[in-house]
Amino acid sequence: CGNCCDPVTIDADAIDPWRDWLDYWRAGGVEDVTDSDGDPADPTYRFIAEHMTEISNEDGVVSFACSFFDKVTRQCGAYDQRPPMCSNYPWYGDEPADRIAKNPYQCVDGCSFLLDVPPGARPEGSRPFIPLTVVRSTP
């Protein structure tokens, strides 16, 4: 449905420490970034700098518009090159119910990914979309 991409939402705590680097990359900087331990930054941050525009920062959540998301078709134009924040969405290596417990706002109420979560662990009132497969029979 594309609702997770319109807008892309990220905890402010994950973005705030990288703001200087985001500004640097947006201004055309090319130097790779490392964290305070000298480890390379997640490539997601460069993707954010190069392809996302901040549209709001409220209640500890930063919202972005992604340049690859087509609002008309609700499709990703960079699907094969998505960064980990997109390709691992929404579970990021956790068990679905564990991730929902950590971030219950992560999936919208009708999100198909909620089918991966046991019904009792889904956010209250959620009604996940059920993907349909159409089989065409030949006469």
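Only helical runs count toward this figure. For the chain, summing -39,500 (n - 2.57) over DSSP H runs of n ≥ 4 and dividing by all residues gives -5000 deg cm²/dmol at 222 nm.
Within the listed set Pro128, Pro119, Pro90, the residue fluctuating most in the Gaussian network model of the chain (springs between alpha-carbon atoms under 10 angstrom) is Pro119.
Around Gln75, with a cut-off of 15 angstrom between Cβ atoms, what is the net charge of the other residues, counting Lys and Arg +1 and Asp and Glu -1?
On the way: positive: Lys71, Arg74, Arg82; negative: Asp6, Asp70, Asp80.
Result for the neighbourhood of Gln75: 0.
For the chain, the Cα-based Rg and Dmax, in that order, read 17.4, 66 Å.
Among the trypsin sites (Lys or Arg not before Pro) in region 1-104, those located in a DSSP loop and surrounded by at most 15 other Cβ atoms within 10 Å of their own Cβ are Lys71, Arg74. Taking Cβ atoms as reference points and 12 Å as the exclusive limit, the residues near Asp6 contribute a net charge of +1, counting Lys and Arg as +1 and Asp and Glu as -1. Look at the alpha carbon pairs under 8 Å that are at least 6 residues apart: their mean separation over the length of the chain gives a relative contact order of 20 percent. Rolling a 1.4 angstrom probe over the protein heavy atoms with all chains in place gives the chain an accessible area of 67 Å² per residue. Taking the Cα centre of region 3-133 as origin and assigning +1 to Lys and Arg Cβ atoms and -1 to Asp and Glu Cβ atoms, the resulting dipole is close to 700 debye.
Within 14 Å, Cβ to Cβ, of Ser87, how many net charges do the neighbouring residues add up to if Lys/Arg are +1 and Asp/Glu are -1? So the surrounding residues net to -1.
The values are calculated or read from the model by the stated rules, or taken from the named source; none is laboratory data. The shown structure was predicted, so the numbers you read here are calculated from the model rather than taken from an experiment. Glycine also receives a Cβ, built like all others from the backbone with ideal geometry; neighbour counts cover every protein chain displayed. To get the accessible areas, we keep the full protein, side chains included, count just its heavy atoms, and leave off ligands, DNA and RNA. Shrake-Rupley method; radii C 1.70, N 1.55, O 1.52, S 1.80 Å.
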